[in-house]
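S.K.: Sharing a structure with you now.
The values are calculated or read from the model by the stated rules, or taken from the named source; none is laboratory data. Keep in mind that what you see is a predicted model, and the values were worked out from it rather than measured. Note: ideal-geometry Cβ built from the backbone for every residue, glycine included; neighbour counts use all protein chains shown.
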Amino acid sequence: AQAQARTHKTRGSTNLRGNQPVQSSRLPHRDAPPQFSTPLCPPVSPPPGRGDRRRRMAAAGAATPVGAAPRVGLLYDDRMCAHATPDGEKHPENPERLRAIRRKLDAEGVASRCVDMKAKEAKEKYIASVHTPNHIKLIRDISSKEYDYRRNKTARKFNSIYFNEGSSESAFLAAGSVIEVAEKVAAGELSSAIALVRPPGHHAEHNEPMGFCLFNNVAIAANYLLNERPDLGINKILIVDWDVHHGNGTQKMFYSDPRVLFFSVHRFDYGSFYPCEGDASHCFIGEGAGEGYNINVPWEHGKCSDADYVAAWDHVLLPIAEAFDPDIILLSAGFDAAMGDPLGGCCITPDGYALLLTKLLGFAKGRIVMALEGGYNLKSIANSLCACTKVLLGDNFTYNSPRMQPFESTWRVIQMVRDELKAYWPVLSSKLPDNVPLRSAPSYIEMWIASFQIYLLGNLTPSSLTFYRHAISIVAVFKPHS
Ligand code: Q9C
Ligand code: ZN
């Protein structure tokens with residue numbers, strides 16, 4: 001135990017920069033004009049000015065010189081639309097998702113301002129850093145002719161998985177795409193990048209596909225940078241997972257690895273939200289050398305808005321990111337916490353996503369790789385990704401969405417997370433402001449309406465069932481006996 005305590009001390013002095021709160025004026029969350037701080041009340045004037053950021057980045061030796069337009073990689077490849085349900089059954093994770101995003105980026109004239117990139121299949125040896133030989137073989141063979149008659153049967157063995165004759169190629173392309181853009185950003189050839197990939201990745205486990213995910217694209221790319229490319233000088237990676245679901249696969253892969261700081265903010269609903277595992281709770285902070293390097297912010301219910309996410313950014317993620325000082329950020333960018341999403345039941349606006357992304361640009365010299373994960377409302381994901389692309393391109397943006405207050409539960413969750421992690425990140429020891437205006441949790445009836453929407457859209461989840469049951473008992477109270 002003493003030896004362990006010593007290890008922590010050592011790591012503390014290298015990564016945590018001592019016990020003093022770091023004073024820095026280059027970060028939006030500290031010493032920033034009041035309009036940038038939580039409680040959100042989101043900023044109304046342009047958040048950290050693009051000019052400022054460029055100057056900061058240039059001062060820090062960033063690839064983008066002062067005044068030059070950022071080079072933003074945009075990877076889109078039609079071949080990743082081949083993965084689809086075998087008989088054309090309706091499914092939220094469908095090829096139209098990529099096409100809708102692409103159409104929007106074209107229509108807004110932002111795609112043409114990006115550096116066009118094409119997908120490459122990942123080499124098996126890179127995938128093998130994350131998945132077992134059996135898993136790789138399964139995904140490789142699933143599209144073969146010989147598999148035709150047992151493909152559906154195999155898919156049913158897994159949790160929320162379908163396969164067709166295009167699945168193998170799409171899966172290898174998705175993993176290869178994130179490797180490809182991550183390498184270019186790490187090498188400084190691109191300032192940042194967006195990989196529009198599917199199937200998504202963050203639920204995929206060591207030895208099984210899960211939750212619409214076949215290979216864990218982001219985890220594979222992180223391992224590629226750390227293990228295969230020492231020449232690129234990437235020693236510390238921050239993975240931010242803002243998909244509405246917990247990134248269970250990614251969490252497991254780096255659970256004892258202090259080189260990768262994994263941060264996931266997700267609906268938890270006391271364990272009833274997909275993937276319905278206890279390890280999405282804030283108590284799971286990593287183990288061994290990776291203790292303190294796994295951070296979960298588990299929401300207690302749906303309806304979370306920009307305000308809740310900005311609060312998690314300002315009071316958990318950004319202070320830790322500042323202390324960790326990553327060399328690159330990989331963003332597991334699901335957009336199923338977006339307003340209007342049929343599975344998520346949250347309501348982040350496109351401006352909200354733009355603001356969250358802007359706040360991340362203050363780290364790692366702005367080196368950010370966005371990899372698409374979930375997100376099932378075509379309009380919401382197209383608008384949100386468009387707003388994010390503009391942020392990466394350096395466009396000025398003004399937060400125009402209606403202002404909201406964070407939930408009381410959000411404040412409680414954030415306090416729990418800070419308490420759990422303050423031994424590892426002393427900057428979290430400070431007291432949270434106590435004069436923050438908060439709103440109370442949505443009523444059961446509101447939540448029921450939200451979950452019933454999910455039910456109507458054909459995506460019955462365990463959590464919607466839970467609320468459905470609550471609702472039945474509540475309705476029973478009001479309903480006159482007949
Ligand atoms: N009764 C991603 O967003 N829901 N995956 C299944 C089962 C699965 C979501 C409900 C949701 C998976 C990448
Ligand atoms: Zn998701």
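S.K.: In the list Val436, Val427, which residue meets the criterion of being among the β-branched types (Val, Ile, Thr) and modelled with pLDDT under 95?
M.R.: After applying the criteria, what remains is Val436.
S.K.: If a residue must be under 18 Å from Arg198 (Cβ atoms), in contact with a Ser or Thr (Cβ under 7 Å, 6 or more places away or on another chain) and not in a helix (DSSP H, G or I), how many such residues does the range 90-113 contain?
M.R.: 1
S.K.: I'm checking my understanding of the structure. Among residues of the range 313-357 that are more than 12 Å from the chain's Cα centre (by Cα), part of a loop (DSSP other than H, G, I, E, B) and of a type in the set (A, V, I, L, M, F, W, C), which one is nearest to ligand 1 (Cβ to nearest atom)?
M.R.: Leu343
S.K.: Related question: Go through the range 188-197 and give me each residue that's touching a Leu at 6+ places or on another chain (Cβ under 6 Å) and not in a strand (DSSP E or B).
M.R.: Leu196, Val197
S.K.: Go through the range 154-198 and give me each residue that's farther than 24 Å from Cys81 by Cβ, within 16 Å of ligand 1 (Cβ to nearest atom) and among the small types (Gly, Ala, Ser).
M.R.: Listed by number, the list is empty, since nothing qualifies.
S.K.: Considering each residue of the range 336-352, count those that are in contact (Cβ under 8 Å) with a residue 60 or more places away in the chain and either out of contact with any strand residue (DSSP E or B) (no Cβ under 6 Å at 6 or more places or on another chain) or surrounded by fewer than 24 Cβ atoms within 10 Å (Cβ to Cβ) (or both), and give that number.
M.R.: Qualifying residue count, the range 336-352: 9.
S.K.: Then there's this: All but one of (1) modelled with pLDDT of 95 or more; (2) out of contact with any strand residue (DSSP E or B) (no Cβ under 6 Å at 6 or more places or on another chain); (3) surrounded by fewer than 24 Cβ atoms within 10 Å (Cβ to Cβ) hold for Met210; state the number of the condition that does not hold.
M.R.: The single condition Met210 does not satisfy is (2).
This table checks each residue for (1) at pLDDT below 95; (2) more than 28 Å from Pro92 (Cβ to Cβ); (3) under 22 Å from the mean Cα position of the chain (by Cα).
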| site | (1), (2), (3) |
| --- | --- |
| Asn377 | no, no, yes |
| Ser380 | no, no, yes |
| Phe397 | yes, yes, yes |
| Leu421 | no, yes, yes |
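S.K.: Something else about it: Tell me which residues, restricted to the range 113-134, are of a type in the set (D, E, K, R) and surrounded by fewer than 16 Cβ atoms within 10 Å (Cβ to Cβ).
M.R.: Asp116, Lys118, Lys120, Lys123, Glu124, Lys125
S.K.: Okay, next question. From the list Tyr424, Tyr376, Tyr399, pick out the single residue that is farther than 30 Å from Gly290 by Cα, more than 16 Å from ligand 2 (Cβ to nearest atom) and assigned to a loop (DSSP other than H, G, I, E, B).
M.R.: Selected residue: Tyr399, the only one of Tyr424, Tyr376, Tyr399 that is farther than 30 Å from Gly290 by Cα, more than 16 Å from ligand 2 (Cβ to nearest atom) and assigned to a loop (DSSP other than H, G, I, E, B).
S.K.: Within the range 289-308, does at least one residue satisfy the condition of being within 16 Å of ligand 2 (Cβ to nearest atom), crowded, with 24+ Cβ neighbours inside 10 Å and among the hydroxyl-bearing types (Ser, Thr, Tyr)?
M.R.: No, there is no match, as no residue in the range 289-308 is within 16 Å of ligand 2 (Cβ to nearest atom), crowded, with 24+ Cβ neighbours inside 10 Å and among the hydroxyl-bearing types (Ser, Thr, Tyr).
S.K.: Quick one: how many residues across the range 199-252 are away from ligand 1 (no atom under 16 Å from the Cβ) and part of a helix (DSSP H, G or I)?
M.R.: Qualifying residue count for the region: 11.
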